[in-house]
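To keep things clear, I will list the structure first and then write my remarks on it.
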Amino acid sequence: MRKPSGMMRLGFAVVFSALAATAIRAEENKGTIVDLGGLKSKAPAAWKEEQAAGMRKKQFRLPKAEGDKEDAELIVFFFQGGGGGLKANLDRWKGMFSPPEGKKIDDVAKVTEMKVGDVPVTYLDVEGTYKFKKAPMDPNSPVTLKPHYRMIAVVFDCPKGPYYLRFVGPANTVAYHKKAFDEWLKAFK
């Protein structure tokens, strides 16, 4: 078998480089488009879309950070007729957590008001022991305590909404994905 010439090797290198660049661009372009009442933003490719059902409009699994045992999840909820008042939702979300000993929930929960375009957004960031219930609305559903968890919960109050976003997982994993989450949220147009 004949060895490839220098020009042939250069040609192979150019072709392989072009294929690699195309694969990288394709990976960068992956990501699910999320529509919140006609406003859209592309989720990062690392977020793995899962089957959403019922009140869940979209659901993603965000890969765990190094050292964490579980992934985080991001769920987008939409309730026909609304999902209750803002204060009731904030209180319910805070109630999903127990603060560290010696602190109150409001010591570890921060609420921020902002706008995404013209849309008013309320953003809750809370950390502590997550009181996980497989069936949150079922008072008889067993509770699993998950220490060192964090949740970012958002009310996206667009004209065709509101939409409710709940991003929850181990605190390190949520911190790892927070910048991408914030950029994704602010990109809705």
Criterion (within 23 Å of PHE188 (Cα to Cα) and of a type in the set (Phe, Trp, Tyr)) met by exactly one of TYR123, TYR130: TYR123
What single numbered condition from (1) under 16 Å from VAL154 (Cα atoms); (2) within 21 Å of the chain's Cα centre (by Cα) fails to hold for ASP118? (2)
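Take the stretch 91-124 and flag every residue that is in contact with a Ser or Thr (Cβ under 7 Å, 6 or more places away or on another chain) and surrounded by 12 or more Cβ atoms within 10 Å (Cβ to Cβ). So that I can check it myself, show each step before the final result.
Pass one, the stretch 91-124, residues in contact with a Ser or Thr (Cβ under 7 Å, 6 or more places away or on another chain): 97-98, 111, 113, 123.
Within the stretch 91-124, PHE97, SER98, VAL111, TYR123 qualify.
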Out of everything in the stretch 42-66 that is part of a strand (DSSP E or B) and among the basic types (Lys, Arg), what residue ends up being nearest to GLY31 (Cα to Cα)? LYS42
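Taking ASP157 as the residue in question, decide whether it is closer than 20 Å to ALA43 by Cα and charged (D, E, K, R).
Taking the combined requirement at face value, the residue satisfies it.
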In the stretch 136-177, how many residues are surrounded by fewer than 22 Cβ atoms within 10 Å (Cβ to Cβ) and over 19 Å from LEU36 (Cβ atoms)? 17
Looking for whichever is farther than 19 Å from LEU185 by Cβ, surrounded by 11 or more Cβ atoms within 10 Å (Cβ to Cβ), under 17 Å from the mean Cα position of the chain (by Cα) and among the small types (Gly, Ala, Ser) here; the options are ALA65, ALA72, ALA52. Which one fits? ALA65
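FYI, it's all coordinate maths here, none of it is from the lab. Here the structure is a predicted model, which is why all the values come from computation and not from measurement. Glycine also receives a Cβ, built like all others from the backbone with ideal geometry; neighbour counts cover every protein chain displayed.
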